[in-house]
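As structure tokens, the structure follows; a few thoughts come after it.
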Protein chains: 2
Amino acid sequence: MEHLLSARARGARSSVIRELLRLTEQPGVLSLAGGLPAPELFPTERVRAAFETVLGARALQYAATEGAVELRAIAARRFPACTVDEVLVTTGSQQALDLIARCLLDPGDAVVVESPSYLGALQAFSAAGGRCVGIPGDADGLRVDVLADHLAAGLRPKLAYVVTDFANPSGATLSTERRRALATLSDRYGFVIVEDDPYGELRWAGRRPAPLRDMGSQVVSLGSASKVLVPGLRVGWMAAPSWLMGPLVRTKQAADLHTSTLSQLLVAELLRDDAAQRRHLERLRAEYGTRAAALHAVLPAGLVAERPDGGMFLWAHGEGIDTTALLPRAVDVGVAFVPGSAFFPQPDAASGEWMRLSYATLTVEGLAEAARRLGAAMEATPAGVG
Amino acid sequence: MEHLLSARARGARSSVIRELLRLTEQPGVLSLAGGLPAPELFPTERVRAAFETVLGARALQYAATEGAVELRAIAARRFPACTVDEVLVTTGSQQALDLIARCLLDPGDAVVVESPSYLGALQAFSAAGGRCVGIPGDADGLRVDVLADHLAAGLRPKLAYVVTDFANPSGATLSTERRRALATLSDRYGFVIVEDDPYGELRWAGRRPAPLRDMGSQVVSLGSASKVLVPGLRVGWMAAPSWLMGPLVRTKQAADLHTSTLSQLLVAELLRDDAAQRRHLERLRAEYGTRAAALHAVLPAGLVAERPDGGMFLWAHGEGIDTTALLPRAVDVGVAFVPGSAFFPQPDAASGEWMRLSYATLTVEGLAEAARRLGAAMEATPAGVG
């Protein structure tokens, strides 16, 4: 009956990486592969207290598609010059990407993404028929100068997607200068910028650049509870230009009516307490900073990565290493990571030399042992063969 | 910047009804318009106990797209001959409709719906580019004989959508004979049947027919916690043929990664306790049955409706009444309903004579007063004018 499938369903990539990652779920494997936050740092007791506060008929009843007004108000305050009317609550930031894709993309429309980029964004854009155009990035994020060349040569994207701070997977933060340049291009060529920033509050060194939102007129800003509170409630939010809000709300109404009311009220209650949330963020930063430094210090010979100032990932390069071929051997010796090719819209041989290492869920001791195993797998694997 | 919108976003109906229904939110209006369950019957204390049981890192962490295994197992047991592998947990049944639409429909593909049908289904099918073909229904549900004529004349739908028990808005239950006939047509002509059954357990009289699932080979069955527990957690589930599961899971992954883990574990914990859930359903049936009978007994002269054996709605017909024109006058005297034309894929003059009356959220006294006000509005409105 597969002939009944829509063109978009037939086109959906049956992710090779997803299959590979099933390997990593074997017992005894130390995983550097996940994008999960550390569960032992979840504010479980605060969630319990928030539940006692919000439990009641409203938390269990249908609600407006736009989202609970108190959560929208909190989200609006987190963005510069943002009103409650510009905020839509989403079922995680993944839904924000899906809604944006469905509202803006017709089949074949170009979407600018950093190469490498967040896999879930590539999936959402592709599912809507978008054509992801990868623009290289470096330590300061998307190479906006390269994008400018493409635009001058005739590229006309509907939108450009950037993870602004500690990007997944590269760990790079888009510099202030490049943010300004990107906003200028957006206004000149008439495309929407989607700035996704789940990791910006997880900064333990350096200074957080200003958001893109007040630099350009067509910016959609995404926020999420997943990395700064808990991901399992599936709560995110977006601030969008007013002409886009109506279509986004109507699309969300057809997609899931609204985000879990209980989840929304819990997140609003948790974020309402500024002091407690600040303490929680300080704890996350301290712990993730320690783990990042620990992993960086013990990286096996042959792997090179920037030492991060925040976020959850090391993006490591191994000259001459085929990381996709390395993964099964790594799992054999009890360690897992995500091969770099997963993150490139147009993978090539060079993209296969990268790997994403998450330090968020292992202890310092676990990270040392994981790095030791990774080194052993690399030694057992001749460079350039696989 | 509206020129950036996708064709599907430009085509999304800016629901006139939605705007009309904002009227009904005025204070002092007794609403027969909502599709909301009665909040005073929510099992709030059971939710509190379930929360204490499930709270922990797992309930707050990312989870598999397919859903929590214990909820999938419970859902599988609710369908005949269903394995856990065939079940996908969804963010409410609305998401199930959206995922099915995106996996099966290319622009212009025909979808058979009962006329009238659930508005959210029409929205999901239209958003995916589907062309809803309305087939009339009667007290036994979809006129499968009329569908057979259309199929014989060349109609080739990708799917047929039915709310099998106490349909929204008609209240009709599809007879066993028609279920068999529909399943036979599905297998002969090669289309998928989507059987949506959020109300089947809310039956206080008569006998529940067997589900379509074991009558045909290409049936997708939907279930939901919204009407039998609480809607605000946004938890539903679907059982699909195996060839459709992969595309559904991949589409859901791009749509929202997974449904709220906490919501899923709460619903699994609540449904796990068979005895408590049976008592809860008995209470819902008794209360809704009482309210249905009370409203039916006091319907204003000029309105005719079947007395329901279950569900949440009276579907009332007023010969010569334009219910869309009546609504603002009804709101003026403090009562609201949903005009029938909202539910018809191709509304005509006759569809404008219907209205949907929900008896779920008002007390018996409230229903009597609402009916009195509705009668007053009708008396003040000359038939056939508006």
Please go through segment A:273-298 and give me each residue that is β-branched (Val, Ile, Thr) and assigned to a helix (DSSP H, G or I), ordered by number. A:Thr290
Could you run through segment B:194-227 and say how many residues are part of a strand (DSSP E or B), open to solvent by less than 20 Å² (accessible area, probe 1.4 Å) and either basic (Lys, Arg) or within 12 Å of chain A (Cβ to nearest Cβ) (or both)? 3
From A:Pro169, A:Pro241, grab the single residue that is of a type outside the set (Ser, Thr, Tyr), at pLDDT 95 or above and touching a Phe, Trp or Tyr at 6+ places or on another chain (Cβ under 9 Å). A:Pro169
Considering each residue of segment A:330-386, count those that are at pLDDT 90 or above, open to solvent by less than 30 Å² (accessible area, probe 1.4 Å), more than 22 Å from A:Gly134 (Cα to Cα) and outside any helix (DSSP H, G or I), and give that number. 8
Go through (1) touching a strand residue (DSSP E or B) at 6+ places or on another chain (Cβ under 9 Å); (2) more than 30 Å from B:Leu185 (Cα to Cα); (3) facing another protein chain (nearest Cβ under 10 Å) and name the single condition B:Val230 misses. (1)
Look through segment B:118-130, keep the residues that are surrounded by 24 or more Cβ atoms within 10 Å (Cβ to Cβ) and more than 18 Å from the chain's Cα centre (by Cα), and return whichever of them is nearest to B:Arg180 (Cα to Cα). B:Gly130
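Given the criterion surrounded by 16 or more Cβ atoms within 10 Å (Cβ to Cβ), farther than 30 Å from A:Leu229 by Cβ and not hydroxyl-bearing (Ser, Thr, Tyr), identify the matching residue among A:Val146, A:Val133.
Details: A:Val146 fails: surrounded by 16 or more Cβ atoms within 10 Å (Cβ to Cβ).
After ruling out the rest, the residue left standing is A:Val133.
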Would you be able to say whether some residue in segment B:101-117 is surrounded by fewer than 24 Cβ atoms within 10 Å (Cβ to Cβ), among the hydroxyl-bearing types (Ser, Thr, Tyr) and under 14 Å from the mean Cα position of the chain (by Cα)? yes
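Applying the selection to segment B:277-301, what residues are among the small types (Gly, Ala, Ser) and either within 19 Å of B:Ala139 (Cβ to Cβ) or at pLDDT below 95 (or both)?
B:Gly289, B:Ala292, B:Ala293
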Of the conditions (1) under 21 Å from A:Trp243 (Cβ atoms); (2) at pLDDT 85 or above, the single one that B:Phe42 does not satisfy is (1)
The condition from (1) in contact with a strand residue (DSSP E or B) (Cβ under 9 Å, 6 or more places away or on another chain); (2) more than 8 Å from every other protein chain (Cβ to nearest Cβ); (3) more than 18 Å from A:His258 (Cα to Cα) that A:Arg77 misses is numbered (1)
Can you say whether A:Ala73 is under 21 Å from B:Tyr62 (Cβ atoms) and either free of Cβ contacts under 8 Å to residues at least 60 places away in the same chain or not in a strand (DSSP E or B) (or both), as far as the supplied structure shows? no
Among A:Val54, A:Val69, A:Val87, A:Val47, the single one that is open to solvent by less than 10 Å² (accessible area, probe 1.4 Å) and farther than 14 Å from A:Ala225 by Cα is A:Val87
Confirm whether B:Pro157 is modelled with pLDDT of 95 or more and open to solvent by less than 30 Å² (accessible area, probe 1.4 Å). yes
The residue that is nearest to A:His258 (Cα to Cα), considering only those in segment B:98-126 that are among the charged types (D, E, K, R) and at the interface with chain A (Cβ under 9 Å from one of its Cβ atoms), is B:Asp98
Taking segment B:145-180 on its own, how many of its residues are touching an Asp or Glu at 6+ places or on another chain (Cβ under 6 Å), touching a residue at least 60 places away in the same chain (Cβ under 8 Å) and of a type in the set (Ser, Thr, Tyr)? 1
Test: B:Leu36 is touching a Pro at 6+ places or on another chain (Cβ under 9 Å) and either assigned to a helix (DSSP H, G or I) or buried (at least 21 other Cβ atoms within 10 Å of the Cβ) (or both): no
Against the condition more than 19 Å from the chain's Cα centre (by Cα), over 30 Å from A:Thr65 (Cβ atoms) and in a helix (DSSP H, G or I), how does A:Leu270 come out, does it pass? no
Of everything in segment B:44-65, what is facing another protein chain (nearest Cβ under 9 Å) and either under 30 Å from B:Pro328 (Cβ atoms) or assigned to a loop (DSSP other than H, G, I, E, B) (or both)? Give them in sequence order. B:Leu55, B:Gly56, B:Gln61, B:Tyr62, B:Ala63
When (1) out of contact with any Ser or Thr (no Cβ under 7 Å at 6 or more places or on another chain); (2) under 23 Å from A:Ser126 (Cα atoms); (3) among the basic types (Lys, Arg) are applied to B:Arg156, the one that fails is (2)
Meets criteria (of a type outside the set (S, T, N, Q), modelled with pLDDT of 95 or more and assigned to a loop (DSSP other than H, G, I, E, B)) for A:Leu233: yes
Can you find even one residue in segment B:172-180 that is open to solvent by less than 10 Å² (accessible area, probe 1.4 Å) and over 17 Å from the mean Cα position of the chain (by Cα)? yes
Would you tally the residues in segment B:243-286 being buried (at least 18 other Cβ atoms within 10 Å of the Cβ) and basic (Lys, Arg)? 2
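The values are calculated or read from the model by the stated rules, or taken from the named source; none is laboratory data. What you are looking at is a predicted structure, and each value in this text was computed from that prediction instead of being measured. Note that we place each Cβ from the backbone using ideal geometry, even for glycine, and neighbour counts take in every protein chain shown. The area values use the complete protein model at the heavy-atom level, side chains included, leaving out ligands, DNA and RNA. Shrake-Rupley method; radii C 1.70, N 1.55, O 1.52, S 1.80 Å.
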